[in-house]
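A quick write-up on the structure given underneath.
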Amino acid sequence: MAKAPALPTGFELPLEPRLPRIGSVDQVAVEERAASLARRSIKKDAKIFALDLAVRMMDLTTLEGQDTPGKIAALASKAIRPDPADTSVPSVAAICVYPNLVPAAVERVRGSSVKVASVATAFPSGQAPTHLKVAEVREVVEMGADEVDMVIDRGAFLSGRYAKVYDEIVQVKEACGEAHLKVILEVSELGTYDNVRRASLLSMAAGADFIKTSTGKLPGAATLPVTLVMLEAIRDVHDETGRKVGMKPAGGIRQSKQAVQYLVQLYETLGAEWLTPDLYRLGASTLLNDVLMQIRKEKTGRYQSPDYFTVD
Amino acid sequence: MSRLPVRKTYKLFIGGDFPRSESGRTYEAQGQNVARGSRKDARDAVRAARSGFGKWAGMTAYNRGQVLYRIAEMMEARTAEFAELCSGRAEVEESIDRWVWYAGWADKYAQVIGSSNPVAAPYFNFTFPEPTGVVAIVAPDEPSLGGLVSRIAPVIVGGNAAVVLASETAPLAAIELSEALATADLPGGVVNILTGYRSEMAPWLAGHMDVNAIDLGGADGDAPELERLAADNVKRVVRGRIGEQSPYEIAAFLELKTVWHPIGV
Amino acid sequence: MPAGWEYAPAPESRDIVTLEERYGLFIGGELVDPRSGEYFPTLNPGTEEQLAEVAQAGPQDVDAAVGAARGAYDNGWSSISPAERAKYLFRIARILQERSREFAVLESMNGGKPIRESRDVDLPLAAAHFFYYAGWADKLEYAFPNRRPRSIGVAGQIIPWNFPLLMLAWKIAPALAAGNTVVLKPAETTPLTALLFADVVRQAELPPGVVNIITGDGRAGAELVKHEGVDKIAFTGSTEVGKAIQRELAGTGKKLTLELGGKAANIVFDDAALDQAVEGIVNGIYFNQGHVCCAGSRLLVQESIYEPLIAKLKRRLTTLRLGDPLDKNTDIGAINSKQQLDKITELVAAGEEEGAEIYQPPCRLPEKGYWFAPTVFTNVAQSYRIAQEEIFGPVLSVLTFRTPDEAVEKANNTAYGLSAGVWTEKGSRILSMAQKLQAGVIWANTFNRFDPTSPFGGFKESGFGREGGLHGLEPYLDLGESEVRGG
């Protein structure tokens, strides 16, 4: 078994005896807290700040069977310069693609700040032998992916084989080398916030650079409360070890209003330190244009039409 | 030659024991020397009630019901004695039946008085009654037995402990009752009975900071002053109805507690 | 990367509120000039600006109000069909919903509470309260088995300044549902939403005199308590005044309910969901600036989690936003009055003097108005004044315990008994604590939740009688004798 990097105190294997320290989450209370934060009223400069940040934090994503190099080229252009009419709008953080499209993506973003993220480990189900997953990760990194978005083995997690989940993440992390590892929990398959918290701590203990809510392939993906639960887990790991782990909600975030709500939640839970693409990403395929429309509305004072923003 | 009867010494009933008044005083009532309780006896009775309260309130409702029924059994066996000390057999029988009636309420009133409350949020919310604590009862002068039982039964069936000021003019039935109570598996201190002058003890009970409620059903002209004293610790002031039996009489000595808990997974 | 993220001001518009320069007393369906001839200013505690002048009801005014209530009771209200009575209350509920933003803004202006709370808590609950009791009006005989409940007559009601409109709803809704008429006195510092409610009464076409609202300080309340024409007094406020009222009413046979002070323990066990517990602690003591009789003002923490919990709590306090009550992002508003601010300041000074350790997050207090930073005291002993006395401000006293028995003992070691909180993931422990804690409301894994269906009220010196739920009807009814013997 590979050696785990920088284990937080209190989360050494075997995990089971430590579970009481992992604690639990009260569903009603966490949902009320998330709803209360979502009622913040963000206006004017504060809103422009948030929208600009949302663009810089975005992982512009396409994960379709019909993806082609041509589609990736269009996506990359959009990622580098989201609004050709307004050069003050920054590039997004990364484009997120399937392994086959990594070479095309790498070529198209060359020379820009945009990173290439690839999903891997038998995405989205994760139902493949560990050695194949590890091989896949090695390959996408060799092809030039800067970031790897892996999925945890939910089957193992839900049947109580936490060590298997942990071990697999450790191996994938090792295969990543310099590439950043985002660990997808696929929260809508975990059933409870308690499980989300456990899986979050497990992933961070195993070496995740980011934890991520969802594949985007299931309904009920990212939600404010589930993201809050994960942020709180990140905060606890930071408190215990000083290690800063990133967060990526993904799936279902389509409107700038939602993006602002996610950022408010981030700011009021982890503080200003986390307001950076190095520690927070928004995984989205259709959010960007809505954010661009809102930015232009804030700048021009006029409500916008989608006709003035490119569909890529 | 006729036999000279052995007379009874009429004592107080505190904490399950039968002490004389700490003051050493007696007074004559119904032709007998009866203990004339003092404010210190009242204080001791409250202390005994407080210590008896925990055990009594902690018993199951089913057990409390059985104890109340046992009181009825003990009285039934003394029907003749009781009849001589009150208005007669009818009053005794009615008093016994009252114990039986309240015994049956022990494990039912919570279902009638409590509720589950459909709050407009994901919480389970329910309300249930709990005993108030130590209750002082100023028993009516008449009927000396029926009035006493009518006031004690609803207080203790709810899990409270009582300190009772017996009828000043006709205290013998109360003393007889305390002897029945002492043999009825009632934990010591749940009912304490004081005889003597009401004016010497009632104000001390009304103003006592460790008494939670006071039943002024038997208080007459001194009721307003007792009520004023009761305000010192926000006592529940009840004007119990003599001769009435109802779950509302029980409810008057109960606190309602409401518990919220989120419903989630 | 900027160090922080400054939220731009997001004030709720106050244009929706129209204020008169001067308000009379609402007696017999009209705002009338006080016979006392006296007025006093009512302020915005966040700015100290005068909002209006309101009348000081004198003895003659109280007499007129009680007379109007008596007249309305005798001349129709007590005899109209309960179903019609219900419909009046439904109307009021609907009008409150329709005008809720106006009420919320005025509530925040006159009381200092954040608009977030007046908008999301006070107003929805006030409307819901009328809606709930409306439905009871024609169903009273189902609430009390074997009784035929009857109205009492004229209810005198005195309410505090912490939830002005909500407390009005808690008082007026059950009283009217039970068939009584009322004379209500809002608190001296927060009369404006009650006076605006007079307009709701007008819009609902309630018969004149059914609801009367008299403003003024404690003298007006005392007159109302003393008045012979009042059949029932309902009071929410301090334990001290509650006791005085109980003494005053001794021997009169008037019905009385008291909802008084509290010093609630909020108990956190080491297995609790900690982040949610922290939210509950914050909501327990900083909600409405701690101006809450059931506030969780004593935090009892199991020693084994003391350090992480306090660290989380202190960090959470740094995110509380104190300022303009009308700003939609404000979490902590203004202290209700100069007098209350002085009391809080005095008790906090006593806490420091007695040796407790004070923590306040960095926060800028506005220059005008009455403000107090959210405060946590650690190293508090049970004997300190800040652990014993009701502060009624945003001040939390933290104590520790080791075992459940110790927690119960410390929690119950008070003359009060209004509410308590328990945080643990263990179900059997929740039920055991709920049984042992001497308080009328137990919040388990939550705090400061309210609902019209949920009875509220205290044990011991926190008062007697319940408000809310079926049990909240009883204080406004004469249950009379049994319908059948043995009933």
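Give, as residue ranges, the strands (runs of 3 or more DSSP E) completely inside segment C:156-248 that count at least 1 residues that are without any contact (Cβ under 8 Å) to a residue 40 or more places away in the chain and of a type in the set (A, V, I, L, M).
In segment C:156-248, C:181-185 are the strands (runs of 3 or more DSSP E) which contain 1 or more residues that are without any contact (Cβ under 8 Å) to a residue 40 or more places away in the chain and of a type in the set (A, V, I, L, M).
Examine segment A:247-255 for a residue that is surrounded by 23 or more Cβ atoms within 10 Å (Cβ to Cβ) and within 14 Å of another protein chain (Cβ to nearest Cβ), and state whether such a residue exists. Write out each step before concluding.
We begin by selecting, within segment A:247-255, every residue surrounded by 23 or more Cβ atoms within 10 Å (Cβ to Cβ); these are A:247-251, A:253.
Going one step further and asking which of them are within 14 Å of another protein chain (Cβ to nearest Cβ), we end up with none.
For segment A:247-255, residues surrounded by 23 or more Cβ atoms within 10 Å (Cβ to Cβ) and within 14 Å of another protein chain (Cβ to nearest Cβ): absent.
Determine which single condition residue A:35 fails, assuming it passes every other condition in (1) touching a Gly at 6+ places or on another chain (Cβ under 8 Å); (2) closer than 14 Å to residue A:261 by Cβ.
(1) is the only condition that residue A:35 fails.
Taking helices (runs of 4 or more DSSP H) that do not extend beyond segment C:318-419, which have at least 3 residues that are among the polar types (S, T, N, Q)?
Passing ranges, in order: C:338-354.
Just one of (1) within 14 Å of another protein chain (Cβ to nearest Cβ); (2) of a type in the set (Ser, Thr, Tyr); (3) closer than 17 Å to residue A:287 by Cα trips up residue A:77, so point out which.
With respect to (1) within 14 Å of another protein chain (Cβ to nearest Cβ); (2) of a type in the set (Ser, Thr, Tyr); (3) closer than 17 Å to residue A:287 by Cα, residue A:77 is out only on (1).
Go through segment A:90-121 and give me each residue that's surrounded by fewer than 21 Cβ atoms within 10 Å (Cβ to Cβ), in contact with an Asp or Glu (Cβ under 7 Å, 6 or more places away or on another chain) and outside any helix (DSSP H, G or I).
Answer for segment A:90-121, where residues must be surrounded by fewer than 21 Cβ atoms within 10 Å (Cβ to Cβ), in contact with an Asp or Glu (Cβ under 7 Å, 6 or more places away or on another chain) and outside any helix (DSSP H, G or I): A:90, A:98.
Considering segment A:280-312 alone, what residues qualify as being hydrophobic (A, V, I, L, M, F, W, C), in a loop (DSSP other than H, G, I, E, B) and without any contact (Cβ under 8 Å) to a residue 60 or more places away in the chain?
The answer is A:311, and nothing else.
For segment C:466-483, name all the residues that are modelled with pLDDT under 95 and more than 7 Å from chain B (Cβ to nearest Cβ).
Applying the first criterion (modelled with pLDDT under 95) to segment C:466-483 yields C:479-483.
The answer is C:480, C:481, C:483.
Just need a number here: residues in segment C:442-465 that are in a loop (DSSP other than H, G, I, E, B), among the hydrophobic types (A, V, I, L, M, F, W, C) and within 7 Å of another protein chain (Cβ to nearest Cβ).
Qualifying residue count, segment C:442-465: 1.
Go through the residues of segment A:150-167 one by one and say whether even a single one is touching a residue at least 60 places away in the same chain (Cβ under 8 Å) and either exposed (fewer than 15 other Cβ atoms within 10 Å of the Cβ) or not in a helix (DSSP H, G or I) (or both).
yes
I need the full set of residues from segment C:160-185 which are within 14 Å of residue C:126 (Cα to Cα) and in contact with a strand residue (DSSP E or B) (Cβ under 8 Å, 6 or more places away or on another chain), in order please. Steps first, answer last, please.
Of the residues in segment C:160-185, the ones within 14 Å of residue C:126 (Cα to Cα) are C:162-174.
Listed by number, the residues that qualify are C:167, C:168, C:170, C:171, C:172, C:174.
Looking at segment C:1-37, which of the residues that are within 30 Å of residue A:56 (Cα to Cα), among the aliphatic types (A, V, I, L, M) and modelled with pLDDT of 95 or more is surrounded by the fewest Cβ atoms within 10 Å (Cβ to Cβ)?
Here the residue is C:8.
Take the residues in segment A:38-52 that are more than 8 Å from every other protein chain (Cβ to nearest Cβ) and out of contact with any Asp or Glu (no Cβ under 6 Å at 6 or more places or on another chain), then tell me which one is surrounded by the most Cβ atoms within 10 Å (Cβ to Cβ).
If we take residues in segment A:38-52 being more than 8 Å from every other protein chain (Cβ to nearest Cβ) and out of contact with any Asp or Glu (no Cβ under 6 Å at 6 or more places or on another chain), then A:51 is surrounded by the most Cβ atoms within 10 Å (Cβ to Cβ).
Quickly run through segment C:113-147 and pick out the residues that are in a loop (DSSP other than H, G, I, E, B) and away from chain B (no Cβ under 13 Å).
C:113, C:114, C:137, C:138, C:139
Checking the condition touching a helix residue (DSSP H, G or I) at 6+ places or on another chain (Cβ under 8 Å), touching a residue at least 40 places away in the same chain (Cβ under 8 Å), over 30 Å from residue C:128 (Cβ atoms) and buried (at least 18 other Cβ atoms within 10 Å of the Cβ), which residue from C:462, C:397 passes?
C:397
Is it fair to say residue B:150 is surrounded by 24 or more Cβ atoms within 10 Å (Cβ to Cβ), under 23 Å from residue B:64 (Cβ atoms), out of contact with any His (no Cβ under 8 Å at 6 or more places or on another chain) and among the hydroxyl-bearing types (Ser, Thr, Tyr)?
Yes.
Just to be sure before I move on: is residue B:129 within 14 Å of chain C (Cβ to nearest Cβ) and under 19 Å from the mean Cα position of the chain (by Cα) in the structure I sent?
Yes: the conditions hold for residue B:129.
Between residues in segment C:308-324 that are touching a residue at least 40 places away in the same chain (Cβ under 8 Å) and at negative phi and residues that are hydrophobic (A, V, I, L, M, F, W, C) and in a helix (DSSP H, G or I), which pairs lie under 8 Å by C-beta distance while being six or more apart or on different chains?
Final answer for the pair search is C:309/C:274; C:309/C:277; C:309/C:278; C:313/C:278; C:313/C:281; C:313/C:282; C:317/C:282; C:320/C:282.
Kindly evaluate residue C:210 against the criterion of being more than 19 Å from the chain's Cα centre (by Cα), surrounded by 24 or more Cβ atoms within 10 Å (Cβ to Cβ), at pLDDT 95 or above and more than 20 Å from residue C:110 (Cα to Cα).
yes
Evaluate the following for residue C:423: is it more than 10 Å from chain B (Cβ to nearest Cβ), farther than 23 Å from residue B:53 by Cα and not basic (Lys, Arg)?
Against the criterion (more than 10 Å from chain B (Cβ to nearest Cβ), farther than 23 Å from residue B:53 by Cα and not basic (Lys, Arg)), residue C:423 qualifies.
Go through (1) within 14 Å of chain B (Cβ to nearest Cβ); (2) modelled with pLDDT of 95 or more one by one and return the number of the condition residue C:185 breaks.
Only one criterion is unmet by residue C:185, namely (1).
If only one of A:179, A:221, A:205 is among the aliphatic types (A, V, I, L, M) and under 21 Å from residue A:241 (Cα atoms), which one is it?
Sole residue among the options that is among the aliphatic types (A, V, I, L, M) and under 21 Å from residue A:241 (Cα atoms): A:205.
Which of the following residues is more than 14 Å from chain C (Cβ to nearest Cβ) and basic (Lys, Arg): A:161, A:198?
The unique qualifying residue is A:161.
Among the residues of segment C:251-274, write down those that are of a type in the set (D, E, K, R), crowded, with 24+ Cβ neighbours inside 10 Å and either assigned to a loop (DSSP other than H, G, I, E, B) or away from chain B (no Cβ under 14 Å) (or both).
Of everything in segment C:251-274, just one residue is of a type in the set (D, E, K, R), crowded, with 24+ Cβ neighbours inside 10 Å and either assigned to a loop (DSSP other than H, G, I, E, B) or away from chain B (no Cβ under 14 Å) (or both), namely C:263.
Quick check on residue C:422: is it of a type in the set (Val, Ile, Thr), outside the structural domain of residue C:467 (by TED's automatic domain parsing), surrounded by 24 or more Cβ atoms within 10 Å (Cβ to Cβ) and closer than 22 Å to residue C:382 by Cβ? Talk me through it step by step, then tell me what you get.
On the way: of a type in the set (Val, Ile, Thr): yes; outside the structural domain of residue C:467 (by TED's automatic domain parsing): yes; surrounded by 24 or more Cβ atoms within 10 Å (Cβ to Cβ): yes; closer than 22 Å to residue C:382 by Cβ: yes.
Spelling it out, residue C:422 is indeed of a type in the set (Val, Ile, Thr), outside the structural domain of residue C:467 (by TED's automatic domain parsing), surrounded by 24 or more Cβ atoms within 10 Å (Cβ to Cβ) and closer than 22 Å to residue C:382 by Cβ.
Return a yes/no flag: does segment A:209-227 have any residue that is at pLDDT 95 or above, surrounded by fewer than 24 Cβ atoms within 10 Å (Cβ to Cβ), of a type in the set (D, E, K, R) and over 24 Å from residue A:115 (Cα atoms).
no
Would it be correct to say that residue C:375 is modelled with pLDDT of 95 or more, away from chain A (no Cβ under 14 Å) and under 22 Å from the mean Cα position of the chain (by Cα)?
When the stated conditions are applied, residue C:375 passes them.
Give the residue, chosen from C:37, C:67, C:46, that is farther than 18 Å from residue C:197 by Cβ, more than 23 Å from the chain's Cα centre (by Cα) and assigned to a loop (DSSP other than H, G, I, E, B). Full working, then the answer.
On the way: C:67 fails: assigned to a loop (DSSP other than H, G, I, E, B); C:46 fails: more than 23 Å from the chain's Cα centre (by Cα).
Being farther than 18 Å from residue C:197 by Cβ, more than 23 Å from the chain's Cα centre (by Cα) and assigned to a loop (DSSP other than H, G, I, E, B) holds for just one of C:37, C:67, C:46, which is C:37.
The values are calculated or read from the model by the stated rules, or taken from the named source; none is laboratory data. Since we're looking at a predicted model, the values are computed, not measured. Counting neighbours? That spans all protein chains shown, and the Cβs are built from the backbone with ideal geometry, glycine included.
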